[in-house]
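Only the coordinates and a few stated rules stand behind these numbers; no lab work does. A quick note: this is a predicted structure, and the numbers were derived from the prediction, not measured. Quick reminder, even Gly has a Cβ in these numbers, built from the backbone with ideal geometry, and neighbours come from all protein chains shown.
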Number of protein chains: 2
Amino acid sequence: MPETPRRTDRLPGTRYGSRPTMKDVAARAGVGLKTVSRVVNGEPGVTAETERRVQEAIEALGFRRNDSARVLRKGRTASIGLVLEDLADPFYGPLSRAVEEVARAHGALLINGSSAEDADREQELVLALCARRVDGLVVIPAGDDHRYLEPELKAGVATVFVDRPAGKIDADVVVSDNYGGARDGVAHLIAHGHRRIGFIGDMPRIHTAAERLRGYRTAMADAGIPVADSWMSLGVTDPERVRRAAEGMLSGPDPVTAIFTGNNRVTVTVIRVLAEHARRVALVGFDDIELADLLQPGVTVVAQDAAALGRTAAERLFRQLDGTLLRPERIELPTRLITRGSGELPPAD
Amino acid sequence: MPETPRRTDRLPGTRYGSRPTMKDVAARAGVGLKTVSRVVNGEPGVTAETERRVQEAIEALGFRRNDSARVLRKGRTASIGLVLEDLADPFYGPLSRAVEEVARAHGALLINGSSAEDADREQELVLALCARRVDGLVVIPAGDDHRYLEPELKAGVATVFVDRPAGKIDADVVVSDNYGGARDGVAHLIAHGHRRIGFIGDMPRIHTAAERLRGYRTAMADAGIPVADSWMSLGVTDPERVRRAAEGMLSGPDPVTAIFTGNNRVTVTVIRVLAEHARRVALVGFDDIELADLLQPGVTVVAQDAAALGRTAAERLFRQLDGTLLRPERIELPTRLITRGSGELPPAD
DNA sequence: CCCGAGCCTGACAACGTTGTCCAGGCTCTA
DNA sequence: TAGAGCCTGGACAACGTTGTCAGGCTCGGG
C-alpha cells in the first residue's frame, strides 16, 4: 500500500503538508529504507541501477535529509557557535568571517549571536547553542564568570575564548597584546614630545579596556610622567560620553596635548571632536579604522588583526575536536603600530 | 540497578563520556521520564516537592535538554538562516544584526553563512540550512536562479530575499530603491553643472549594480546628455580594477569631471584615487561609509538603511511563519541623499 | 462507607535517521 | 555440481524528546 496517510500528531503550525522522509523515498523507489540511506550518504554497496531509481525518487519528492534526526543518531552536529558582542561592529565582521571560513573548511556551519555586552544574554546564548549540541563554541565573553560552562566542557564541547579571557574556568584563550600595544602607542606619543596625554577607553570591567589602561599607565610611568586623574576616562563608548570626556580633557587649566583612544568607536568620536577643535591635538587609537589614511592628518593606530584572532581561535577549536589538543593555553597575538600622521604631531601648547 | 553503562555505538571522537539525558535525571530523582520533561518545559501538573527533586538532579548532573531530539519530535527548530555575501562587509553587519534582533524577539536563533558572491556556494549553504530544518531563510542571493528552493517553499520554509530579488521563483523580496537612488545621485551632480560623469560599479549580473547603472543612464538621458562608453565601468570591486577604471576616466582627451560610484567598496577606492589626483573631481557614492563626513571634502552619498532592510525582511519572515502573510510581495525602501561637499564641487575643466 | 471527580504521575509510541546484523542470490572454484 | 565467499538489500533497534493516554491517588459529597 503506497501513499498511506501517516503522521498522527503533527503540530497545527505545519503548513502545506510535511516533508517526505527516507521511508517515502524508499516506498517510491521500491527499495528498503537502509538502501536510501546508503545512497544519500554515498555509502558503497548499491547497484548503479538501484542508485538511479533512488535518486529519481529523491528528485521527484524533493527529499532533503533531516539533520536533526541525523544528529540525534550520530552525536555530532557539524556546527559551531560564535557569541560576540555586536555583529554590526566593524571589528567583529572580519573576525566572524574568519571563524566562518575555518568552520567551512571543516564542513561545519556557524551559528552566531550577539551578547550586546550583557553577561546574562551571553549565558543565555551560549546555553542555547549547547542545547543545539554545537560541536564547539567560540566566545567573546561579556561576563567574567564562566563556571556555568563547566558541565558543557566536561561533556566535550570544544571551547575557545577570543579577544578577552575566560572567567574562573580553565579554557583556551586567544587575545591580542592589548597591554603591549597600548604601551607602545602611548610611548610613541611620548617620543614625539608629549607629556600631558589623555586616555579614553571602554568600561574598566571589560578586560581589554583594563589591559590597555595598564599599558598607558606603564608607558607613562616608564617615562617618569605622573598621571593626573583628569587625564583618564573610562566608561561606555557611546558618542555622548566620549565627547564629553574628550572636551573635558581639552579644556581647563591643564589641557592634554595628545589623546590615546581605547578602541575603534572611541577613536571615531574623538576624531570628530578634534576636527571641531582649533588647537592641533595628537591622537593614537587602538584598532585600525577604515579610511584612517585619508583623513587630515592620517590617524595613527595600534592595529590588531581581527581576522587572525578569529582564524587562530577557530583552528584551535577544531584541533580540540580532533583530539590533537590537550591542555588549554593562552595565545597572544602581537599588535602593530601604523603611523599616519596624527600620532606624530608635536605638542602645541 | 543505577549507573548501568549505556551507550553502545558511540563515536570514537566523543570525549569524556556523553551528556546525561532525561532518563538519567529521572533515575536520579526517582521519578518518571515524563515528569522530568514536564519540569524542564515548565508544564503544569507537578508538585512543588517533585519539581524540587527534579531540579536538584538536573543541577547535579549538568543536564541540558537536547534540542535535536526536541526538534525531531516537534517539527520546529526556532532558528532561522541568513545567507549573505560577506559578513565582513560593513554594509552587512548592521543588516545581519537587525535580522538577529528580530529573531531574538521571536525566540529564534540565527545561523548564517557567507556565499562569497558564488551561486553554487549560496545553494550549498541554503540547502544545508534546510537540512537543519530552519524555520525560515533570509537570503541575499548571489545566484539568479532559485528554483532549487521550490521543494523547500512547498514544505513551508518561510523565505525572504533581501537586497536583491529572487530568480525564477515567486517569493518575498525587500530591496532598496537602487534605481531611484542612483538616478537622484547622478541628477545631483548634473544639477551642480557636471555633464561628463563617470559610473563605476559592480558586476552587471548583480541586480543592484544593474539597477544603479539604469538610474545613472536615466538621469543622464533626462538631462539630454549622451553617455560615452568610456564613462562606464562595471566589474569586480577589488581595488586594482576600480583604480584602473577611475584613472582611465580621469585621463585621456575627454576626462570626466565627476564620478558616481556604485557601492561602498568602490567609493572607498575612488576616494583614494581622487586624493592622489591634482584636479578636484566631484563624487557621489552609493552606500554611506563611516567617517565620510570627516574627509576633505566630505563625501556625498546615496545612503540605504541596511538595518531597515534586515528588520523589514525578518519581520516579514515571521509573519509568514505566523500565517498572517499570504501573497509574496516586493517591498522597496527609499534611499536618502546625504550632501557633504564632494557632490557639490563644480566641474573643474 | 462508597463513588466519582480531579489531580499527579508514568508507560509507551513516535519523530527520521543510521549502525548492526542477517538473508538471499550470485559468482567462482574444485 | 556442490560449497565457499561475496555482494546487495532489508529488518530492527537505538538516539532523546514529547504527546497521548491510562492508572492511582486524594478528597468531597451523597
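Here the Gaussian network model covers chain B, with springs between Cα atoms less than 10 Å apart; of B:S79, B:S68, B:S176, B:S68 fluctuates the most. Taking only alpha carbon atoms, chain A gives an Rg to Rh ratio of 1.16, where Rh is the Kirkwood radius. Look at the dipole of the stretch B:82-147 built from charges on Cβ: of B:C130, B:V99, B:L109, the Cα furthest out on the positive end belongs to B:L109. Helix-only arithmetic for chain A: the sum of -39500 (n - 2.57) across DSSP H runs with n ≥ 4, divided by the residue total, places the mean residue ellipticity at 222 nm at -12500 deg cm²/dmol. If we count every other residue with Cβ under 14 angstrom of A:G32's Cβ, Lys/Arg +1 and Asp/Glu -1, where does the sum land? In short, +2. When B:D238 is represented by a point 7 angstrom out along its Cα-to-C-beta vector, the spacings to that point in the other copies are 4.3 nm, nearest first. Between 0 and 90 degrees, the angle of helix B:306-322 with respect to the longest Cα principal axis of chain B falls at about 40 degrees.
Cα centroids of the stretch A:302-349 and the stretch A:171-216: 14 Å apart. The value of relative contact order for chain A, using C-alpha pairs under 8 Å at least six residues apart, is 16 percent. Measure out, as a whole number of angstrom, how far apart the alpha-carbon centroids of the stretch B:75-96 and the stretch B:253-288 sit. Result: 30 Å between the Cα centres. When +1 charges are put on Lys and Arg Cβ atoms and -1 charges on Asp and Glu Cβ atoms, the dipole computed for the stretch A:298-349 relative to its Cα centre reaches about 240 debye. Relative contact order of the stretch B:178-304, taken over Cα pairs closer than 8 Å and 6 or more residues apart, is 28 percent. Pairs exceeding 21 Å between alpha-carbon atoms, taken from A:K23/B:K154; A:K23/B:K74; A:K23/B:K23; A:K34/B:K154: A:K23/B:K23; A:K34/B:K154.
Here the scattering of the stretch B:163-234 is modelled by Debye summation over its C-alpha atoms, one equal scatterer each and no solvent; at q = 0.13, 0.25 Å⁻¹ the log10 of I(q)/I(0) is -0.40, -1.11. With θ taken as phi - 60° and the Karplus curve 6.51 cos²θ - 1.76 cosθ + 1.60 applied, the whole-hertz 3J(HN,Hα) list for the stretch A:250-256 is 8, 10, x, x, 10, x, 6 Hz, x standing for glycine and proline. The orientation-averaged projection of the convex hull spanning the C-alpha atoms of the protein assembly as shown amounts to 36.9 square nanometres. Compute the Cα gyration tensor for the stretch A:15-105, then decide on rounded, prolate or oblate, letting a ≥ b ≥ c be the square roots of its eigenvalues: rounded whenever a/c is under 1.5, prolate when a/b is larger than b/c in the other cases, and oblate in all that remain. In terms of gyration-tensor shape, prolate.
Shape analysis of the stretch A:178-304 places it in the rounded category; the axes a ≥ b ≥ c from the Cα gyration tensor give an a/c below 1.5. The phi torsions of the stretch A:177-187, fed into the Karplus equation with coefficients 6.51, -1.76 and 1.60 and a -60° offset, translate into couplings of 7, 5, 4, x, x, 5, 4, 5, x, 5, 4 Hz, rounded to whole numbers, with Gly and Pro shown as x.
3J(HN,Hα) couplings calculated from phi for the stretch B:339-348 with the Karplus curve 6.51 cos²θ - 1.76 cosθ + 1.60 (θ = phi - 60°) are, in sequence order, 8, 9, x, 5, x, 9, 5, x, x, 10 Hz; Gly and Pro show x. Summing Cβ point charges (Lys, Arg +1; Asp, Glu -1) relative to the Cα centre of the protein assembly as shown gives a dipole of roughly 2460 debye.
In chain B, excluding the sites themselves, the longest stretch lacking any of the trypsin sites (Lys or Arg not before Pro) that are in a DSSP loop with at most 13 other Cβ atoms within 10 Å is B:11-167. Across the options A:V227, A:A258, A:L291, the greatest Cα extent toward the positive end of the charge dipole of the stretch A:178-304 (unit charges at beta carbon of Lys, Arg, Asp, Glu) belongs to A:V227. Which shape class applies to the stretch B:110-181: rounded if a/c is under 1.5, otherwise prolate when a/b exceeds b/c and oblate if not, where a ≥ b ≥ c are the square roots of the Cα gyration tensor eigenvalues? Prolate. Computed from Cα atoms, the angle from the helix B:264-275 axis to the main principal axis of chain B rounds to 40 degrees. The dipole here belongs to the stretch A:187-257: it is taken about the Cα centre, uses +1 on the Cβ of Lys and Arg and -1 on the Cβ of Asp and Glu, and is about 80 debye. Against chain B, whose longest principal axis comes from its Cα atoms, helix B:119-131 is set at around 20 degrees. Among the residues of A:331-343, the average count of other protein chain beta-carbon atoms within 10 Å of the residue beta-carbon is 0. Each other copy places its own label point for A:G107 at 3.4 nm from this one, sorted shortest first, where the point lies 7 Å along the Cα-to-beta carbon line. Note on chain A: with a GNM built from Cα contacts shorter than 10 Å, the maximum mean-square fluctuation among A:G113, A:G62, A:G235 falls on A:G62.
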